[in-house]
Amino acid sequence: MSITQVDMPLPAARVRPWARWTGAALLALVLAFALLAPVIFPADPLRQSLRHILAAPDAASPLGYDHLGRSLTARLASALRLSLMIAAAAVASSALLGVAVGVLAAWRGGWVDRAASLVADAFLALPGLLLVLIVSAIVPVTPLAFWIGLTLVLWIEYFRLTRATVSRLLAAPGVQASRLLGFGPFYIFRRHLWPELAPMLLTLGAFGAATAIMMIAALGFVSVGMRPPTPELGLMMVELLPYYREAPMALVIPVAATFVTLLGLNLVAKGGRA
Amino acid sequence: MRPLTQAILYRASQAVLVALLVGMLTFLMMQALPGDMAFRIAAGRYGYDAVNAEAAEAVRRELGLDRPALAAFGTWLWDLMRLDFGTSVISGAPVMDEIRHQLGASLQLAGAALALSFLIGPPVGILAGLRAGGWLDRTLLVVSTALRSVPQFLMGLILIVLVSIQLGWLPAAGYGRPVHFVLPALTLALGLAAVSARVARDAMAAVAASPYYAFGRWKGLSEGQLLRRHGLRNIGVTLVTYLGLQFAMLVEGVVVIEAIFSWPGIGHALVHAIFGRDVPMVQGTVLLLGLGFVALNTAVDLTARWIDPRGRGAGEARS
Amino acid sequence: MSELLKATDVSVHAGAEMLVEPVSLALTAGRPFTLLGETGSGKSLLAQAIIGTLPAGLAAAGQVTLAGRALDLARRDGHRALWGRLIGVLPQEPWLSLDPLMPARAQIAEGHAFVRGLSWAEANAAADRDLAGLGLQEAADRRPDQLSGGMAQRVAFAAARAGGARIVVADEPTKGLDIGRRDEVTRLLLDEVAAGGALLTITHDLGVARRLGGELAVMLKGRVVERGPAAEVLAHPRHDYTRRLIAADPASWPQVPPRPGTGAPVLRAEGLSVSRGGRRLFDGLGLDLQPGEIVGIWGPSGCGKSTLGDVLLGLARPDQGRVTRGAGLAPQRFQKLYQDPPSAFPRCLALGRALDDLVRLHRLDGARIPQLMSRLRLSPALLARRPAEVSGGELQRLALLRLLLLDPVFLFADEPTSRLDLITQAEVTGLLTEVARETGMALLIVSHDPELLSRSADRVISLASPETAGPRLRHQAA
């Protein structure tokens, strides 16, 4: 936007801070439950009890019990911890990988750029869920497989956006001016590139975590993810589905927890993009 | 935008790389098969009574499990490049035949879902984008954010519980009659429509706020004339490009939804193949889907080029 | 002369704040009316209020009478039926206002078809006649990206007029055009007036106002401070602001005698040849820059002015030739001043921090910052702000300050004032040349305005190709 001709203050870009704060509050709620439930209502998520089969909530488990009499409170908290942990690990590693390769590709240009873009496009052609599925068939430990598979899926978006942002910035006068003034690559990264990349990382991180949680649950739900008796959101749903008539609330619990977590993440992501 | 030949060349190298990637992954998958897997596969094929060490050995040879890894990988890739996917280790039938059987059912489901989502998503998005900030726009924002927070398998679960179990209106699973289409297609379509509505909305809002849209108004055109002459074509590239990227989302949806609704398609088969470690089936299916993505996006490139023939960087060379 | 439009007590508000105080004016057939003012003067808002194109969030009051109808401007719904039929709006930056995917003919024909109700065959024929009348036959099947800026402006003009509007409103019609194209557009507008139409032009360009003639109103901070016949207002300005505005026009700057530089050259270019996109920009160009010398570079858009500077600074490679720097000079003493000041600073960093970074990097004397601040008439409060929170003129002076910390021996100033208002332009250019004289820095200044160059530079290099002969320059070289 040129300076001379703006005859009035431009309307500020639409920001939705309320969305981000609502999202953050929902996530805080989920996180607090996942971390505090084992302290307040200590129970083994794997311990079965004939007396408690599909039992109503009590003081020891405010969320009730499942079809094997296991504490749903303990199982839900454990399932959330698992999903959130894998998601966080996958987001961190994919961000690191994607930003590093993206900056390298934009900075070096030439064949480095072309090769990196081609590899990213090849990964892009494989639907993410299939990639995770195949990796889970290669790596025997499922959480590790999820982490690797999700990293391979999520790094592409980081790469593409970082590469686009960095090439734009490197071609702009700001970086050229800093180079003429004698500043080196580290300064240019810290002062020019990082401040523009950081907000994007948060948005992508929230979207990426949502993708990760969805995939883990989806694979659990169709029985190719975590194995029983591990508590996992999708597995819990598929296990409790047959008992829907007797204990509808037991099924609603993992469904609602998944929805609230994803909504929180989507709101955090959207608030930044608006 | 790159010249045409270069763009096609790029897609071709993407296709080769996709094949290489799939070959590598499935080879690793095969190497990771547990030791008694050959025995198990043989048992699956011939029945537990008939299986013996010889049968297991035959399977091992067939899969190349007895050779050094590097040589096996070479053969593996060679077979792949010749599009020889071998036979399913579980059913014993050629992978190509298996895929051909299942593809039809999947295409029917995907087609129905895509058509449904395109009837809902873009029209709603265009209307919302024309009045950015209006009530429809705000409602769409809330609804699409909520829908995006419901993964497709969860949408399927919710629809099964509500429509099949609670109301008993439609069958939860099955294939063959039109009623069987409703729930799986609707499940897929809702998720796709939520996103395509947002994409159409953002594109339309950008076009409606553009100087050329305002200029059209000042020229004396009515809103309907404006939308037809200057709106639809200008959001076309965005929508078509999005369609290409939507393919990945559609495939993921199809895999999960088929598994949930027991739909006898390629996704259902893939989940079974992964579960049973049927490497040739996995390879054939994933390769087909990956190359399908590349082919579709090549078509998308060409369509986008047709809609918007401008070269990239044009219009910059003015003071 | 008949009155085609009468505006009474038109004002613009944003909530309780009044952005434009009530103004009345009349547009008559055959006589142009021009609103002259700088950024933030409210000239565009006033015109937008009259023709009903104010952005959402702003409200107008007052009354407009045209074609026997009275419109209450407080209501937003009355104008739609007039657009295209009675009022033709010529938009700013027409290359953005034309549909990027539609050929020129169709963009004009739709006015004939939809507004005048012609059949498509007739409408297309009418559009072809319009284009031929503007000398644009060959542009009929081209998209806007295949048109030059001046051609796009003429296509937009034909499109705006196709519905048969007699009243033309032109908002900054020469923005982004170089001098030759600018005169073309004013001629086009004057033809329209001569044919019996009415014209309301909004401009910041004194040259445009002078050429259009007719009635002139000068606006400042939402008020009309002076109005009358253009020739009279420009020749005998009464208001202090109008006087300053006229004095700031490069055409009225004092002529300074050229002073040849002295001493060993800080930069020498020999036999430079550069092509871009298959086109030769310049060939065998040689140049010596001596300390304290001010050299202007003139040329139309796309002639390679900026590229030459980048080659001299080593930011771009020439196809042939070489550039040598004075012996023993540190690399950071060769600097560049950018056209768009905000883009030359890190976007998210307070300006003071950016300066501190530089002081730390080269172990400079930080005490020079306050001295230079006062020399360049900058308020210390600016250092706490980010680039987007500072005006363009201040930012350009801060950019200059940042360079001066490094004691530059050579400065390439790439259209440093083309995005600034007239008065700010005079101020920044003045400071730039003063500093060059004081510090003995060689200054290479690029501009598309020959007046500005011939009044600030010791010599001027023209990069115009022979077929596009440039205006006469005082000290033509190269």
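Scanning the stretch B:124-139 for residues that are surrounded by fewer than 22 Cβ atoms within 10 Å (Cβ to Cβ) and either in contact (Cβ under 8 Å) with a residue 60 or more places away in the chain or part of a loop (DSSP other than H, G, I, E, B) (or both) turns up B:Leu130, B:Arg131, B:Ala132, B:Gly133, B:Gly134, B:Asp137.
Taking the stretch C:178-190 as the search range and keeping residues that are open to solvent by 20 Å² or more (accessible area, probe 1.4 Å) and among the hydrophobic types (A, V, I, L, M, F, W, C), which one is nearest to the other protein chains (Cβ to nearest Cβ)? Looking at the filtered set, the residue picked out is C:Ile179. Residues considered: B:Ala132, B:Ala206, B:Ala194. Of these, the only one that is touching a Leu at 6+ places or on another chain (Cβ under 9 Å) and in the same structural domain as B:Thr241 (by TED's automatic domain parsing) is B:Ala194.
So that you can scan it fast, the table gives a plain yes or no per residue for (1) touching a helix residue (DSSP H, G or I) at 6+ places or on another chain (Cβ under 7 Å); (2) closer than 14 Å to C:Arg402 by Cα; (3) open to solvent by 10 Å² or more (accessible area, probe 1.4 Å):
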site	(1), (2), (3)
C:Gly278	no, no, yes
C:Gly284	no, no, yes
C:Gly314	no, no, yes
C:Gly328	no, no, yes
C:Pro346	yes, yes, no
C:Arg353	no, yes, yes
C:Arg360	no, yes, yes
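Entry remark, the stretch C:6-26: residues being among the polar types (S, T, N, Q) and either in contact with a helix residue (DSSP H, G or I) (Cβ under 6 Å, 6 or more places away or on another chain) or not assigned by TED's automatic domain parsing to the domain that holds C:Ser41 (or both) number 0 in total. Taking first residues from the stretch C:215-228 that are part of a strand (DSSP E or B) and partners that are of a type in the set (S, T, N, Q) and open to solvent by less than 10 Å² (accessible area, probe 1.4 Å), the Cβ contacts under 8 Å between residues at least 6 apart in sequence or on separate chains come to C:Glu215/C:Thr34; C:Leu216/C:Thr34; C:Ala217/C:Thr34; C:Val218/C:Thr242; C:Met219/C:Ser41; C:Leu220/C:Ser41; C:Val225/C:Thr242; C:Glu226/C:Thr242. Residues of the stretch C:383-400 that are surrounded by 19 or more Cβ atoms within 10 Å (Cβ to Cβ) and not in a loop (DSSP other than H, G, I, E, B): C:Leu383, C:Pro387, C:Gly392, C:Gly393, C:Glu394, C:Leu395, C:Gln396, C:Arg397, C:Leu398, C:Ala399, C:Leu400. Scanning the stretch A:83-104 for residues that are out of contact with any Phe, Trp or Tyr (no Cβ under 6 Å at 6 or more places or on another chain), surrounded by fewer than 22 Cβ atoms within 10 Å (Cβ to Cβ) and either under 30 Å from A:Val30 (Cβ atoms) or free of Cβ contacts under 8 Å to residues at least 12 places away in the same chain (or both) yields A:Leu84, A:Met85, A:Ala88, A:Ala92, A:Ser93, A:Leu96, A:Ala100. Elements of the type strands (runs of 3 or more DSSP E) sitting completely within the stretch C:25-131 and holding at least 3 residues that are within 14 Å of chain B (Cβ to nearest Cβ) and hydroxyl-bearing (Ser, Thr, Tyr): there are none.
Per-residue answers, yes or no, for (1) within 30 Å of A:Pro242 (Cα to Cα); (2) of a type outside the set (S, T, N, Q); (3) touching a residue at least 40 places away in the same chain (Cβ under 8 Å); (4) facing another protein chain (nearest Cβ under 7 Å):
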residue	(1), (2), (3), (4)
B:Met249	yes, yes, yes, no
B:Arg277	yes, yes, yes, yes
B:Pro280	no, yes, yes, no
B:Leu288	no, yes, yes, no
B:Leu291	no, yes, yes, no
B:Thr298	no, no, yes, no
B:Trp306	no, yes, no, no
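Scanning the stretch B:20-46 for residues that are open to solvent by less than 40 Å² (accessible area, probe 1.4 Å), more than 10 Å from chain A (Cβ to nearest Cβ) and at pLDDT below 85 turns up B:Met37, B:Ala38, B:Ile41, B:Ala42, B:Ala43.
Would you check if there is a residue in the stretch B:94-113 being out of contact with any Ser or Thr (no Cβ under 9 Å at 6 or more places or on another chain) and not in a helix (DSSP H, G or I)? No: zero hits. Residue count for the stretch B:247-266 under the criterion of being closer than 17 Å to B:Leu186 by Cα, out of contact with any Gly (no Cβ under 8 Å at 6 or more places or on another chain) and in a helix (DSSP H, G or I): the result is 1. Among the criteria (1) over 30 Å from C:Ser148 (Cα atoms); (2) away from chain A (no Cβ under 14 Å); (3) out of contact with any Ser or Thr (no Cβ under 9 Å at 6 or more places or on another chain), the one C:Arg363 does not fulfil is (2). Checking every residue in the stretch A:105-116 against the condition of being out of contact with any helix residue (DSSP H, G or I) (no Cβ under 7 Å at 6 or more places or on another chain), more than 14 Å from chain C (Cβ to nearest Cβ) and open to solvent by less than 30 Å² (accessible area, probe 1.4 Å) gives at least one match. Every condition in (1) open to solvent by less than 20 Å² (accessible area, probe 1.4 Å); (2) more than 12 Å from chain A (Cβ to nearest Cβ); (3) part of a loop (DSSP other than H, G, I, E, B) is met by C:Leu406 except one, and the failing one is (2). Output the residues belonging to the stretch C:288-298 that are within 14 Å of chain B (Cβ to nearest Cβ) and over 19 Å from C:Gly271 (Cβ atoms). The answer is C:Trp298, and nothing else. Of all the residues in the stretch B:216-234, those that are open to solvent by 10 Å² or more (accessible area, probe 1.4 Å) and more than 7 Å from chain C (Cβ to nearest Cβ) number 6. Is at least one residue of the stretch A:151-160 at pLDDT 90 or above, away from chain B (no Cβ under 11 Å) and closer than 30 Å to C:Asp357 by Cα? Looking for residues that are at pLDDT 90 or above, away from chain B (no Cβ under 11 Å) and closer than 30 Å to C:Asp357 by Cα, one finds at least one in the stretch A:151-160, hence yes. Being over 28 Å from the mean Cα position of the chain (by Cα) and crowded, with 22+ Cβ neighbours inside 10 Å is a property that does not hold for C:Gly78. Looking across the stretch C:163-178, the residues that are touching a residue at least 40 places away in the same chain (Cβ under 8 Å) and in contact with an Asp or Glu (Cβ under 7 Å, 6 or more places away or on another chain) come down to C:Val168, C:Lys175, C:Gly176. If you go through the stretch C:331-344 and pick out every residue that is touching a helix residue (DSSP H, G or I) at 6+ places or on another chain (Cβ under 8 Å) and part of a helix (DSSP H, G or I), you end up with 5. The listed residues are C:Ala16, C:Ala26, C:Ala61, and the only one of them that is at pLDDT below 90 and among the aliphatic types (A, V, I, L, M) turns out to be C:Ala16.
The number of residues in the stretch A:171-214 being within 8 Å of another protein chain (Cβ to nearest Cβ) and either without any contact (Cβ under 8 Å) to a residue 24 or more places away in the chain or open to solvent by 10 Å² or more (accessible area, probe 1.4 Å) (or both) comes to 16.
The values are calculated or read from the model by the stated rules, or taken from the named source; none is laboratory data. On a predicted model such as this, the values are computed, not experimentally measured, just so you know. We place every Cβ from the backbone using ideal geometry, glycine too, and count neighbours over all the protein chains shown. For accessibility, only protein heavy atoms count, side chains too; no ligands or nucleic acids. Shrake-Rupley method; radii C 1.70, N 1.55, O 1.52, S 1.80 Å.
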